[in-house]
1. Assuming 0.890 mPa s and 25 °C, estimate D for region 47-86 with Stokes-Einstein, Rh taken as the Kirkwood radius over Cα pairs, in µm²/s.
2. Which ³J(HN,Hα) values, rounded to whole Hz and listed in residue order, are derived for region 134-145 from phi using the Karplus coefficients 6.51, -1.76 and 1.60 in 6.51 cos²θ - 1.76 cosθ + 1.60 with θ = phi - 60°, glycine and proline given as x?
3. Pick out which of 79, 51, 93 has the largest mean-square fluctuation in a Gaussian network model of the chain, springs linking Cα atoms closer than 10 Å.
4. Rounded to the nearest 500 deg cm²/dmol, what is the calculated helix-only ellipticity per residue at 222 nm for the chain, with -39500 (n - 2.57) per DSSP H run of length n ≥ 4?
5. Please tell me the relative contact order of region 2-140 in percent, rounded to the nearest whole number, where contacts are Cα pairs under 8 Å and at least six residues apart.
6. Can you tell me which of 131, 55, 44 moves the most in a GNM of the chain? Springs connect C-alpha atoms under 10 Å apart.
7. Where nothing but the Cβ of Lys and Arg (+1) and of Asp and Glu (-1) is charged, how large is the charge dipole of the chain around its Cα centre, in debye to the nearest 20?
8. Along the positive direction of the dipole of region 10-145 (beta-carbon charges: Lys, Arg +1; Asp, Glu -1; about the Cα centre), which of 22, 105, 76 reaches farthest?
Amino acid sequence: MKIVVASDHAGFLYKQAILEHLQKLGHETADYGTFSPDSCDYPDFIIPAAKAVADGKFERGIVLGGSGNGEAIAANRVKGVRCAYCWNLETAKLGRKHNKANVIAIGERLIELPLALQIVDAWLAEEFEGDRHERRIAKLDEPIN
């Protein structure tokens, strides 16, 4: 699978570990930054990664920050992205099964690395259930304003 990964400074260490983990599993990855733990602005890295998923360059995306909240908000600003904020295995699984999440956000300061890797694996392993969820997702694509 083609997967893009991006973070701000507060998600940098997990980003590096997740990239390595994905590569060991045989996934094709791209690192959209940041490229150091120096302070930076998360939208500068998260939005380009989300756009790359929306444009079809990547099948999935993983974005990381201190809490993951800002990263999820930034990713969800991009049309065609459905970013699920994940903090445990259940949120990762349901994000994919029910919400067809093509991006997930993880907070490095809130969970341990082994759990973050398990979240990634659980999310990648799930399939979208479709059916009633397809109808709900279609409503998310309708203009609101």
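1. Diffusion coefficient, whole number: 247 µm²/s.
2. These are the phi-based 3J(HN,Hα) values: 4, 4, 5, 5, 4, 5, 6, 7, 6, x, 9, 8 Hz.
3. For the chain, modelled as a Gaussian network with Cα springs under 10 Å, the answer is 79.
4. It lands at -13000 deg cm²/dmol.
5. In percent, rounded to a whole number, it is 24.
6. Checking each option, the largest mean-square fluctuation is seen for 131.
7. 460 debye
8. With unit charges placed on the Cβ atoms, the residue in question is 76.
Coordinate-derived values only; no laboratory data. As the structure is a computational prediction, the values presented were derived from the model and not from experiment. Neighbour counts run over all protein chains shown; Cβ positions are idealised from the backbone, glycine included.
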